[in-house]
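Notes to accompany the following structure.
The values are calculated or read from the model by the stated rules, or taken from the named source; none is laboratory data. Fair warning: this is a prediction, and the values are worked out from it, not measured in the lab. Note that each Cβ is placed from the backbone with ideal geometry, even for glycine, and that neighbours are counted across all protein chains shown.
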Amino acid sequence: MIWNYFRRRHEEAERQAKQLEEQSRVLEEIKQGMAGVHGQIQALAQQQKELEKTASKAARLQYKWAQQQDSHWQNVQQRLQKLEQVAEDQSLVENRLEAALTGYMSLFDDIHTALSRGGDSNGPWQQLLQQWAGTIRSQLQAFHVAPIIPLGETFNPERAEAADTVTVQEAAAVWNGSHAVPRAPHTVVQVLRPGYAQSDGTVRRKALVLTIKEEHHDREAQ
């Protein structure tokens, strides 16, 4: 009986040892599994940190880009405003220059009309008008404009407009040129109103003139 007792005790001890060994193995596997999970958690935490850093950097870059864009568009708007102001100023200057030029042209018209009425060319008024005309011509040249006064020239429809035609006899009454009365048809014998042309040849206004008419003789009557 004693032998059976010790044998049972031995078997029980072996069984408990195997259970302890199995439990130890299971515990070790659990520990290894927990270590793996902990490592994964640390890796995920590290990835989250990296993502947070990336998101923060992206947010800063986006903010910086937005500031740059805002500054860029502000500069563009300011430049556009400056260009608009320059255009307005330029338009104002051009309008003033055009008004001044128109004034000089009108004044030259009046002086030309006064000189065309004739009179003593050596008289004080005539000399004064000639001086004024020279001064106004100089002012017009500053605008690159010159009067068109085709007196004694053949009529050119591109630079002059004929108000009327006169006979050679009628031309003698209105002619105030420095040489003999012209007799050739289509010759300008009086400039009623000067014209004006740009320095490049562009005509701003045609001269208004009288020309000698072309007379047709009746040969049969002769």
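Summary of computed values
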quantity: From A100, A171, A162, A146, residue being aliphatic (A, V, I, L, M), part of a helix (DSSP H, G or I) and in contact with a Ser or Thr (Cβ under 9 Å, 6 or more places away or on another chain); calculated: A171
quantity: Every pair of residues 6+ apart whose Cβ atoms lie under 7 Å, when the first sits in the stretch 129-149 and is at pLDDT 90 or above while the second is of a type in the set (S, T, N, Q) and not in a helix (DSSP H, G or I); calculated: H144/Q198; H144/S199; V145/Q198
quantity: K53 vs. criteria of a type in the set (K, R) and either modelled with pLDDT under 75 or over 30 Å from F143 (Cβ atoms) (or both); calculated: yes
quantity: Candidate set: the stretch 194-212, residues that are in contact with a strand residue (DSSP E or B) (Cβ under 6 Å, 6 or more places away or on another chain) and not in a strand (DSSP E or B); chosen: the one surrounded by the most Cβ atoms within 10 Å (Cβ to Cβ); calculated: P194
quantity: Residue match in the stretch 181-193 (condition: part of a loop (DSSP other than H, G, I, E, B), within 38 Å of the chain's Cα centre (by Cα), surrounded by 17 or more Cβ atoms within 10 Å (Cβ to Cβ) and of a type outside the set (A, V, I, L, M, F, W, C)); calculated: no
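Here is a yes/no grid of residues against (1) surrounded by 10 or more Cβ atoms within 10 Å (Cβ to Cβ); (2) at pLDDT 80 or above; (3) among the basic types (K, R); (4) not in a helix (DSSP H, G or I):
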| residue | (1), (2), (3), (4) |
| --- | --- |
| L61 | yes, no, no, no |
| W65 | yes, no, no, no |
| Q68 | yes, no, no, no |
| L80 | yes, no, no, no |
| S91 | yes, yes, no, no |
| R96 | yes, yes, yes, no |
